[in-house]
Amino acid sequence: MDKLRVLKIKIYQPQAHFRIPFTYKRRLTYPIPPYSTVLGLIANMLGVKNVPGQEEPCVRESCECVYHKYKELKISICGKFKVKTTEYVWLRSLEKGWHTKRFGSTTNRCVGGHVEHIGGQMPCYVDVLNDVEILIHLYHRDRDFLELIEKNFLEPKNRTSTLHLGRAEDILVVNKIGFEELEFKPINGQFDYFFWVPQKMFGSSENVFDSIQGLTYDLPTFYRIRNGAREFDYVRVKLNDGDFGGIKAHYDNIEDVPVFLADPRGG
């Protein structure tokens, strides 16, 4: 597709942490949010939430509800930050094993004659990004659905929780939201952003994945609840630091950045 009409969302965060899975005592962060984190923000704004006893908010076939349209979104994420700091914090676990390790039994809450909070705690290092700027581009076959997303960001009356991206305390400010037309063109240069570049780019027949430098990840996207746990879909991507040459991709002429749209369903 030579040109695409997309919804652009510019976000600022004073601080943010986008945890890399399986990092424990030193909790590392991606430099930009993974797809699942941004999709979670959009679901929050649309009022999409889980239904007890169901794998997904809607399980009907060939449905045109908000949830099924939401799952057809194509998404691009890039961003930057000024500095990364490391915080030394206490993390509390409410697991039974942690509680008995601290108090000796499940019925006791006293240590040294003092009543304490249930559970146990451990020290942990957490990497935190400061002065974060995130740029999101969304495409959908239904322009009206993108307008619905825009309206819900401007008037967040349907949100299911506070506006955040990452941890619950990682508040955000929407600096700009609106529609823009992307152009498909050659990309050469160094850009001051980190990018997720999907193995399969939506709207392009170009095979640029192997020629782009970066760390390869399988990023989570949508999920369903099975046996009480989240079961995610994944998309293979590369994390690039903004150095591109000899490729073609969609381009945001206003922000002066390339746009790499991914299909979160893996297509």
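The values are calculated or read from the model by the stated rules, or taken from the named source; none is laboratory data. The structure displayed is predicted, hence computed values, not measured ones. Note: ideal-geometry Cβ built from the backbone for every residue, glycine included; neighbour counts use all protein chains shown.
Every residue, every condition in (1) more than 24 Å from Ile20 (Cβ to Cβ); (2) touching a Pro at 6+ places or on another chain (Cβ under 7 Å), yes or no:
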{"residue": "Lys176", "(1), (2)": "yes, no"}
{"residue": "Glu180", "(1), (2)": "yes, no"}
{"residue": "Trp196", "(1), (2)": "no, no"}
{"residue": "Met201", "(1), (2)": "no, no"}
{"residue": "Ser205", "(1), (2)": "yes, no"}
{"residue": "Asp218", "(1), (2)": "no, no"}
{"residue": "Thr221", "(1), (2)": "no, yes"}
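Scanning region 43-57 for residues that are in contact (Cβ under 8 Å) with a residue 24 or more places away in the chain and surrounded by fewer than 19 Cβ atoms within 10 Å (Cβ to Cβ), we see that the one that is farthest from Val128 (Cα to Cα) is Gln54. Among the residues of region 183-233, those that are more than 22 Å from the chain's Cα centre (by Cα) and assigned to a strand (DSSP E or B) comprise Glu183, Phe184, Lys185, Pro186, Ile187, Asn188, Gly189, Gln190.
Only one of Asp210, Asp241, Asp256, Asp233 is on the phi > 0 side of the Ramachandran plot and surrounded by fewer than 18 Cβ atoms within 10 Å (Cβ to Cβ). Can you tell me which?
Asp256
Going through region 165-174 one residue at a time, which ones are exposed (fewer than 12 other Cβ atoms within 10 Å of the Cβ) and not in a loop (DSSP other than H, G, I, E, B)? Residue satisfying the conditions is Val173 alone. Put simply, of Gly228, Gly189, Gly246, Gly178 the only residue that is free of Cβ contacts under 8 Å to residues at least 40 places away in the same chain and surrounded by fewer than 17 Cβ atoms within 10 Å (Cβ to Cβ) is Gly228. Residues of region 243-259 that are under 16 Å from Lys80 (Cα atoms) and assigned to a loop (DSSP other than H, G, I, E, B): Glu255, Asp256.
Of the listed requirements (1) exposed (fewer than 13 other Cβ atoms within 10 Å of the Cβ); (2) in contact with a Phe, Trp or Tyr (Cβ under 6 Å, 6 or more places away or on another chain); (3) modelled with pLDDT under 95, Thr162 misses just one: (2).
Do you know which of the residues in region 58-115 that are in contact with a Cys (Cβ under 7 Å, 6 or more places away or on another chain) and under 30 Å from Arg236 (Cα atoms) is surrounded by the most Cβ atoms within 10 Å (Cβ to Cβ)?
Per the stated criteria, the residue is Tyr67.
Residues that are of a type in the set (Phe, Trp, Tyr) and within 20 Å of Val174 (Cα to Cα) were ranked within region 5-64; the one that is nearest to the chain's Cα centre (by Cα) is Tyr35. Lys80 meets all of the listed conditions (1) at pLDDT 95 or above; (2) over 22 Å from the mean Cα position of the chain (by Cα) but one, namely (2). Here Val66, Val38 are screened, and the one residue that is out of contact with any Gly (no Cβ under 6 Å at 6 or more places or on another chain), more than 21 Å from Val259 (Cβ to Cβ) and either in contact (Cβ under 8 Å) with a residue 24 or more places away in the chain or of a type in the set (Phe, Trp, Tyr) (or both) is Val66. Do we find a residue being farther than 17 Å from Pro34 by Cβ, among the small types (Gly, Ala, Ser) and either in contact with a helix residue (DSSP H, G or I) (Cβ under 9 Å, 6 or more places away or on another chain) or in contact (Cβ under 8 Å) with a residue 40 or more places away in the chain (or both) anywhere in region 94-108? Yes; the residues of region 94-108 include at least one that is farther than 17 Å from Pro34 by Cβ, among the small types (Gly, Ala, Ser) and either in contact with a helix residue (DSSP H, G or I) (Cβ under 9 Å, 6 or more places away or on another chain) or in contact (Cβ under 8 Å) with a residue 40 or more places away in the chain (or both).
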